[in-house]
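Written out below as structure tokens is the structure these notes cover.
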Amino acid sequence: MNAVRHALGRIASAVFLSVVGAFFALPMLWLASAPFDATPSITVSVPEFTLANFRAILDNPYALGSIGNSVIQAGGAAAVVVVLAALAAYALSRVRVPGRDVLLYVLLLLSSVVTGTAAMVPIFELATRLDLIDTHLGVILVVSGGLLPAAIFILKDFMDATPTSYEESARVFGASPLQILRHIVVPVVRPGLATIAVWAVASVWGGFLMQYILLRDPEKSPSAVILYTLYTEGGQPNLDLISTFSLLYSLPVVLMYLFVSGRYGFRFHGGIKQ
Amino acid sequence: MTISLHGLTKVFPGGARALDSLDLDIGEGEFFALLGPSGCGKTTLLRSIAGLETPSSGTVSIGGADVTALPPGRRDVAMVFQDYALFPHMDVTANIAYPLRIQKVPRSRREAAAAEVAGRLSLSELLRRRPGQLSGGQQQRVALARAIACRPKVFLFDEPLSNLDARLRLEARTFLKRLQGELGVTTVFVTHDQGEALALAHRVAVMDAGRITQVGAPAEIFHRPATTFVASFIGSTPMNLLPGKVAGDALHVAGAVLPAPPGLPDGEEIVYGVRPEYADLSAAPRDDAFPGTVAVLENLGTSTLVTLEGGGDDGDLLVQVVVPEGEEPPAGTAAWAVPRPGRALIYHGDRLIHPA
């Protein structure tokens, strides 16, 4: 009796896990098969193999350029976020500022407002007055502002986990603050910096609303915005182009993940005896 | 190089007074220990010499030059941290050569220098390893090598042996003392382990609450502790410190009648100190001995630490005696602890008055 119950339990859990797995796998399967299908639909099927969809997307005047725009905006924002967050997190971790924790929590709270829709109107107004509409710089600054608080918060943890004795040791040997940052702190928190960079790139890569609002010119729009314009003349979503472009759009981020985890994977060689 | 501290005071924000107007002179080539319980200010003192703490007032001089206002990197000192602070992303060579890298020594020269120092500390096989791949003892030697490589005027060690396990600590202690002797560089180290301080140092400063209670050679600190604090802190078995009273030319201490040193006024309260190693156990009653019942026997290997309870007027005093192998009394029997003449310490008003 117990054995039967046990077997039934195993079957039930396997079925449940399969269903959950299918929910995650089906969209991925669609992304892998639809671009090569002559007549893609919103169902997953064995494709009628063709590369015509790729030709069609290359003929779109904005598609390839938009991936370049995404690279500029995501890369620029990641650079701004990593540099500023690293400096701010280092300072916040090492200097005792009264009300430091409150400051961090308020920043974190505000960041969800800044990236969200609530501050959209004033941000647009500000960007207009500063002549930042339709510029990569405008997008980079606005999205970086949204990402910075969380990035500082996460990096501060990495900085806190780095023993101050590393820096003091270097100081006694005569290293300047800049040398300490370059020789010791940055290499030691490199996994944290890589995490923040990947996260920033991925967020900006997938970001839509800010880019949609701040950029009028399709020449400057990133892929996420261009994807939204791929409709047929009849106003129906053009699944041939959307599926193909989605695949092209995903590839750079996947490649970046592979590169970063291969190169800066999460290694930590302890130099402190616990 | 000599080190001189004058009126050194450090008050942390929040009011904690870690150093209280402290004066100290450390001689050329001396191996000097700062000993005390945690929170006594010994680490703050070491960090003040390094320049990692800025004193609230007072001066620090190294080699006769006032360095109070100099940043740590310009004081020509090397510090070994308690956690070693080896840079985890650099291999052993790069770690040892780091001070030379800061001094802009060309790569080939500094790597040769690192290899030479590493050879001296038996690290030649490990030059390409990262700190995470080294044992605790090897990490400690790398930290020492890094300090030696920059040829400083002064070495500062913060609890250099506390992260090693017990057996390794004894080996490292002998090694460290020989190394310091060979290098002849003035060395200050901090420890809370009295055995380490006595074994390593030429002179020891015992610290308490931001002040130096006593400075002296290990033998002097051990035989003539200036206060009951030092007496209770020094020694591998805690000293018996028993309250007593002067009665004419005798002392009444915990049930024993002992000869009083001259010059003590009648009726004064005193504290009578005797180390467990400097007392003998008698099975027969004696007037000049502390009576009690054998309560605990602790085997120390070549000897046994015996705790007698029931001494004193109200019977709650404990007296400890170290007895040689094979002479342990049975537990629960009556015994008398006889202090050896000439080994007793008498404190009056927390100051040592005998032996004068």
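Out of all the residues in the stretch B:188-202, is one or more open to solvent by less than 30 Å² (accessible area, probe 1.4 Å), at pLDDT 90 or above and aromatic (Phe, Trp, Tyr)?
The answer is yes, given that some residue of the stretch B:188-202 is open to solvent by less than 30 Å² (accessible area, probe 1.4 Å), at pLDDT 90 or above and aromatic (Phe, Trp, Tyr).
Show me the helices (runs of 4 or more DSSP H) found entirely inside the stretch B:34-152 where at least 1 residues are under 28 Å from B:Gly195 (Cα atoms) and more than 14 Å from chain A (Cβ to nearest Cβ).
B:42-50, B:107-120
Counting just the residues of the stretch A:154-173 that are open to solvent by 30 Å² or more (accessible area, probe 1.4 Å) and either closer than 18 Å to A:Leu84 by Cα or not in a helix (DSSP H, G or I) (or both), which one comes out nearest to the other protein chains (Cβ to nearest Cβ)?
Filtering the stretch A:154-173 for residues that are open to solvent by 30 Å² or more (accessible area, probe 1.4 Å) and either closer than 18 Å to A:Leu84 by Cα or not in a helix (DSSP H, G or I) (or both), the one nearest to the other protein chains (Cβ to nearest Cβ) comes out as A:Pro163.
Quick check: is even one residue across the stretch B:267-287 on the phi > 0 side of the Ramachandran plot and touching a strand residue (DSSP E or B) at 6+ places or on another chain (Cβ under 9 Å)?
Yes, that holds for at least one residue.
Being under 21 Å from the mean Cα position of the chain (by Cα), surrounded by fewer than 20 Cβ atoms within 10 Å (Cβ to Cβ) and among the polar types (S, T, N, Q) narrows it down to one residue among B:Ser38, B:Ser48, B:Ser56; which is it?
After ruling out the rest, the residue left standing is B:Ser38.
Considering only the stretch B:222-231, I want to know if a residue exists there that is among the hydrophobic types (A, V, I, L, M, F, W, C), in a strand (DSSP E or B), within 23 Å of B:Arg351 (Cα to Cα) and open to solvent by 20 Å² or more (accessible area, probe 1.4 Å).
Taking every residue of the stretch B:222-231 in turn, none turns out to be among the hydrophobic types (A, V, I, L, M, F, W, C), in a strand (DSSP E or B), within 23 Å of B:Arg351 (Cα to Cα) and open to solvent by 20 Å² or more (accessible area, probe 1.4 Å).
Consider the stretch B:316-333. How many of its residues are loosely packed, with under 13 Cβ neighbours inside 10 Å and either farther than 18 Å from B:Gly244 by Cβ or not acidic (Asp, Glu) (or both)?
Number satisfying all stated conditions: 8.
Yes/no matrix, rows are residues, columns are (1) aliphatic (A, V, I, L, M); (2) closer than 30 Å to B:Leu24 by Cα; (3) in contact (Cβ under 8 Å) with a residue 24 or more places away in the chain:
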position	(1), (2), (3)
B:Thr59	no, yes, yes
B:Gly64	no, yes, yes
B:Asp76	no, yes, yes
B:Met79	yes, yes, yes
B:Ala94	yes, no, no
B:Ala97	yes, no, yes
B:Ser108	no, no, no
B:Ala118	yes, no, yes
B:Leu127	yes, no, yes
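Just need a number here: residues in the stretch A:55-75 that are of a type in the set (Val, Ile, Thr) and under 19 Å from A:Val142 (Cα atoms).
So the answer is 2.
Only one residue in A:Ala52, A:Ala118, A:Ala79, A:Ala91 is surrounded by 15 or more Cβ atoms within 10 Å (Cβ to Cβ) and either small (Gly, Ala, Ser) or in contact with a helix residue (DSSP H, G or I) (Cβ under 6 Å, 6 or more places away or on another chain) (or both), so which one is that?
Testing whether each residue is surrounded by 15 or more Cβ atoms within 10 Å (Cβ to Cβ) and either small (Gly, Ala, Ser) or in contact with a helix residue (DSSP H, G or I) (Cβ under 6 Å, 6 or more places away or on another chain) (or both) leaves just A:Ala79.
Tell me the residue from A:Val139, A:Val185 that is at pLDDT 90 or above and within 14 Å of chain B (Cβ to nearest Cβ), please.
A:Val185
The values are calculated or read from the model by the stated rules, or taken from the named source; none is laboratory data. On a predicted model such as this, the values are computed, not experimentally measured, just so you know. So basically every Cβ, Gly included, is an ideal-geometry build from the backbone, and we count neighbours across all protein chains shown. The protein model used for the area step is the full one, side chains on, heavy atoms only, and it has no ligands, DNA or RNA in it. Shrake-Rupley method; radii C 1.70, N 1.55, O 1.52, S 1.80 Å.
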